[in-house]
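The next block holds one structure in the form of structure tokens; read it before the comments.
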Amino acid sequence: MTDSPLRLLLAFDAQARRDTSQPPAFLHRRDRKFALVCEQQGVTPEANRWLAHLNRLSGPGTKPSAANQPLRFWRRVSTGFAAVGMVAGVFAMVGLLFYDGGQRINITVLLAFVLLQLLLALLTAVQSLADWQPWRWLLRRFQGTPTQGVINRLQPVLMARSAHLGGLCFAISGLVTLLVMVVVQDLAFGWSTTLETAAANYHRLVQIIAAPWAWLWSAAAPDLTLIEATRFFRAGTGNTSPDPARWGQWWPFVTMLWLTWVLLPRLLLWVLTSMLLRHRARQLLTQHPAMRALLYRMETPALDTGNAHNDAADLPDTGLRNNLLPLPDSDILLCWAGAGEPELPDTLSSGKQLVLRAGGRASLADDEQVLSQIGTHCRGAGNRAVILLTRSWEPPTGELQDFLESARGVWPGGTRVALVPLAADSTREPDAHQVQPWLRFAERVGNDFVRVSLPPLQPQPNPCTTSGESS
């Protein structure tokens, strides 16, 4: 059984806790855009696709998922149970089959030990179904730091699965030890009890226990003659069977007893517990509060008013920004949503090695390809500046902010974006009231990554020179 539903639940819960530090407007735009991409591709926006989408946006330097730490801890717990079970099974079977030649191996003791193992298996299953954690103090001691999130609600099932795995390893090693000792030693089995029990009553008990396999292996279901011939008493000296070989005819019964009532119950309960763990993980993922919020964001269109900081009770931000920076020297030019059409100004296009277009009519796949091209060029050429052209008369959009947030994760560290709003007339600078929204937009994205610059002006033709040349 795999733990993929559990891994998905823990990864989703970790991402949901990280999203609490993000603005709601950003989360809405991000998840709505993901839903639109899934709609274009004709797939369902499931949790695993959503997490894979966020991992791609985070880039190659993403830290390991927070789901790995609790999973590694529970793998160590399961490994410890398995190792202890293997060793304990060998020692337990050697102790049960201890024979020094002067006494018999009591079948009654083996029956009592098998009954104890069956009760322990059932008790482990009941505690997982009842969410009972009598060993919680021991987990806290070994975990060191307390766990957070939905993993705490799955601890009873996780512990039951580890315990059943340890019991399964105990049963397997015990069965192997039994078969080895049957081959290499001459074991003498018999039955004895202090209670006044007739051989016929003991035979009925053995028949009930051997009912699951009696039809398959008749030698593993002792008859009344064998039971009468192999009874011994604690102080009896004349109880030796006339046929000593009959004392060893119990081994098929002991083998099937251990296989049917110790190994198979542990195997069945381990499989059922693993299935229960997967079911509860899927159930907790469906009922997760962040899942309902995510579905709402994906189904509801996002509207960017450009004023995410202020709410209805605040006065509008009327302060003027004047933190323009000179246009940097860069050989990368990126035109956003048709900026620079139908023709780029010579002052901007000259000397550029890479001129790309994104946004607007471009598809999301085209935008991702542009991000990858620029990132590769920046790493190869060592150029960490990108000139981004926009239309000054169009307000900043949430799509552009999402594009820049994706670029921050894909492009090399230290890359800066010079946002250049172009006027309708490329020979003139944009008006001041058109530049102010872009300055506020750069503050929202982060001035450590995006700064606003004005385009260089093209030289105006001299009218005197023009008229002289005409004459």
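Numbers at a glance
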quantity: When residues of segment 307-346 are limited to those that are open to solvent by 50 Å² or more (accessible area, probe 1.4 Å) and aliphatic (A, V, I, L, M), the one modelled with the lowest pLDDT; calculated: L315
quantity: Of residues in segment 194-217 being surrounded by 13 or more Cβ atoms within 10 Å (Cβ to Cβ) and among the hydroxyl-bearing types (S, T, Y), the one nearest to I227 (Cα to Cα); calculated: Y202
quantity: Hits in segment 382-396 - residues which are open to solvent by 60 Å² or more (accessible area, probe 1.4 Å) and over 11 Å from L422 (Cβ atoms); calculated: R384, P395
quantity: Residue list for segment 347-371, filter: assigned to a helix (DSSP H, G or I) and either in contact with a strand residue (DSSP E or B) (Cβ under 6 Å, 6 or more places away or on another chain) or open to solvent by 60 Å² or more (accessible area, probe 1.4 Å) (or both); calculated: A365, D366, D367, E368, Q369, V370
quantity: Flag for L115 being open to solvent by 80 Å² or more (accessible area, probe 1.4 Å) and modelled with pLDDT of 85 or more; calculated: yes
quantity: Residues located in segment 319-346, provided they are touching a residue at least 60 places away in the same chain (Cβ under 8 Å) and assigned to a strand (DSSP E or B); calculated: W336
quantity: Total residues in segment 378-432, condition free of Cβ contacts under 8 Å to residues at least 24 places away in the same chain and of a type in the set (D, E, K, R); calculated: 1
quantity: Residue count for segment 218-235, restricted to those that are assigned to a loop (DSSP other than H, G, I, E, B), surrounded by 14 or more Cβ atoms within 10 Å (Cβ to Cβ) and among the small types (G, A, S); calculated: 1
quantity: Residue in segment 369-388 that is in contact with a His (Cβ under 8 Å, 6 or more places away or on another chain) and more than 25 Å from Q40 (Cβ to Cβ) present; calculated: yes
quantity: Subset of segment 352-381 (residues that are under 22 Å from G414 (Cβ atoms) and over 36 Å from the mean Cα position of the chain (by Cα)); calculated: K352, Q353, L354, L356, A381
quantity: S78 at pLDDT 90 or above, of a type outside the set (A, V, I, L, M, F, W, C) and either out of contact with any strand residue (DSSP E or B) (no Cβ under 9 Å at 6 or more places or on another chain) or open to solvent by 70 Å² or more (accessible area, probe 1.4 Å) (or both); calculated: yes
quantity: Output for segment 251-294, where each listed residue is among the β-branched types (V, I, T) and either under 19 Å from N106 (Cα atoms) or touching a residue at least 40 places away in the same chain (Cβ under 8 Å) (or both); calculated: V254, T255, T260, V262, V271, T273
quantity: Test: residue in segment 191-204 that is over 28 Å from V90 (Cα atoms), at pLDDT 90 or above and part of a helix (DSSP H, G or I); calculated: yes
quantity: Residue satisfying all of: in segment 423-459; of a type in the set (A, V, I, L, M) and within 23 Å of C378 (Cβ to Cβ); modelled with the lowest pLDDT among these; calculated: V445
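The values are calculated or read from the model by the stated rules, or taken from the named source; none is laboratory data. Predicted model only: the values in this text are computed from it and were never measured. Counting neighbours? That spans all protein chains shown, and the Cβs are built from the backbone with ideal geometry, glycine included. Each accessible area value is taken on the protein alone, full model and side chains, heavy atoms only, with ligands, DNA and RNA left out. Shrake-Rupley method; radii C 1.70, N 1.55, O 1.52, S 1.80 Å.
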